[in-house]
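The values are calculated or read from the model by the stated rules, or taken from the named source; none is laboratory data. Keep in mind it's a predicted model, so treat the numbers as computed, not measured. Every residue, glycine among them, receives a Cβ derived from its backbone with ideal geometry; neighbour counts consider all protein chains shown. With ligands, DNA and RNA removed, areas are computed over all heavy atoms of the protein, side chains included. Shrake-Rupley method; radii C 1.70, N 1.55, O 1.52, S 1.80 Å.
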Amino acid sequence: MKTRYLILSSLVACGIVAALSSCSKEDELKPDYKNPSDNFMPAADDQSAEAQLRRQFFSETGSYLLFNDTIQHEFLGTDINGEPRYFTETVDLTYAVGQSASVTMSYTYTYLQELEQKQKMTEFLLEYVQPHLTKSLKPYSWFVCNVINSYKDSYSGTVSHPYAASNQRCVVVAGNFLIQRERTEQQKQQYAQRILNAIVGQLASNQSSAFGEFYQYSADYYGTEYRAMGYSSTPPTAVLYQLGFLSSTSISSFPSMTTDLSSFALLAIQYTDEQLAKTYGSYPIILQKARAVRKILISLGYVF
């Protein structure tokens with residue numbers, strides 16, 4: 001009897017080993033992974049002039065180029081009524097990783113229709129805008145459209161048309177100013193500067209971990225309620241300047257780190273040292289913060 005148990009145990013053990021061996025050879029698990037960056041490139045079999053333009057732009061800059069806001073549109077099958085189902089992902093400027101607060105801003109776009117318009121805007125980006133944004137500051141992707149429609153909320157119906165807007169992985173540029181008619185060299189330079197003004201705060205925020213030196217100046221105040229610091233309401237502008245803030249957008253608290261960085265990033269690219277000294281010479285903390293931001297922006301790849 002004992003011998004039979006030993007034989008049976010051996011057979012079971014052999015069966016388990018054989019099954020495991022068979023599974024490892026015949027049913028190996030293969031990762032089902034698709035690189036999300038693939039969605040920002042034209043399909044491999046797309047040899048159109050537009051697709052080649054986008055590939056060439058990526059080759060030259062390392063940033064992706066889009067001409068509509070649809071990143072992917074994937075067929076999932078049909079529903080119980082036989083209707084097709086799709087998964088669609090679009091450029092969403094209101095989304096940010098880790099975002100918790102509600103967002104009232106929304107965007108729609110009109111597209112560039114002609115290949116010539118797309119080529120003209122691509123050449124403009126390459127010559128006037130992209131050279132300012134190198135290394136860590138280069139955008140992950142550019143979406144070039146005709147007009148950006150920006151709605152502050154869904155109730156007022158108020159709409160604006162910014163030159164550019166951005167989030168963590170995409171910069172949207174409106175091309176209607178340039179494609180309406182021929183522009184002078186000075187107008188092109190001004191247009192490029194307006195685009196940079198609109199996006200530099202977001203590009204800096206994308207690299208917020210690099211701005212520790214900047215944040216230390218106002219670390220005790222960020223997001224703190226005015227009353228906690230002895231102020232019954234929004235401090236006068238002169239007091240904000242003395243504390244190192246350019247402005248306050250809140251009626252109850254000091255600016256957040258993100259808001260403060262965006263304000264100073266814009267200041268740093270708009271003002272020369274001479275202009276800073278003339279405007280804010282009586283406020284040493286503002287001067288120190290502006291210099292810190294400029295130094296960090298340069299180290300990250302901003303070219304003045």
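Just a few scattered comments:
- Condition check for N197: open to solvent by 10 Å² or more (accessible area, probe 1.4 Å), touching a Leu at 6+ places or on another chain (Cβ under 7 Å) and more than 22 Å from F40 (Cβ to Cβ): yes
- If you go through segment 161-194 and keep only what is touching a Ser or Thr at 6+ places or on another chain (Cβ under 9 Å) and open to solvent by 60 Å² or more (accessible area, probe 1.4 Å), you end up with H161, Q168, R169.
- Scanning segment 141-182 for residues that are among the charged types (D, E, K, R) and over 22 Å from F58 (Cβ atoms) yields K152, D153, R181, E182.
- Scan of segment 110-146 for residues that are touching a residue at least 12 places away in the same chain (Cβ under 8 Å), open to solvent by 30 Å² or more (accessible area, probe 1.4 Å) and not in a loop (DSSP other than H, G, I, E, B), ordered by number: T110, L115, Q117, Q119, K120, L126, P131, H132, K135, S136
- Among the residues making up segment 253-304, those that are assigned to a loop (DSSP other than H, G, I, E, B) and open to solvent by 60 Å² or more (accessible area, probe 1.4 Å) are Y271, T272, S282, V303, F304.
- Against the criterion of being open to solvent by less than 80 Å² (accessible area, probe 1.4 Å), at pLDDT 85 or above and more than 25 Å from G157 (Cα to Cα), P36 does not qualify.
- Here segment 174-225 is the region considered, the condition is being of a type in the set (D, E) and in a helix (DSSP H, G or I), and the residue that is farthest from N149 (Cα to Cα) is E213.
- Selection count where residues are surrounded by 10 or more Cβ atoms within 10 Å (Cβ to Cβ) and at positive phi, scope segment 46-90: 1
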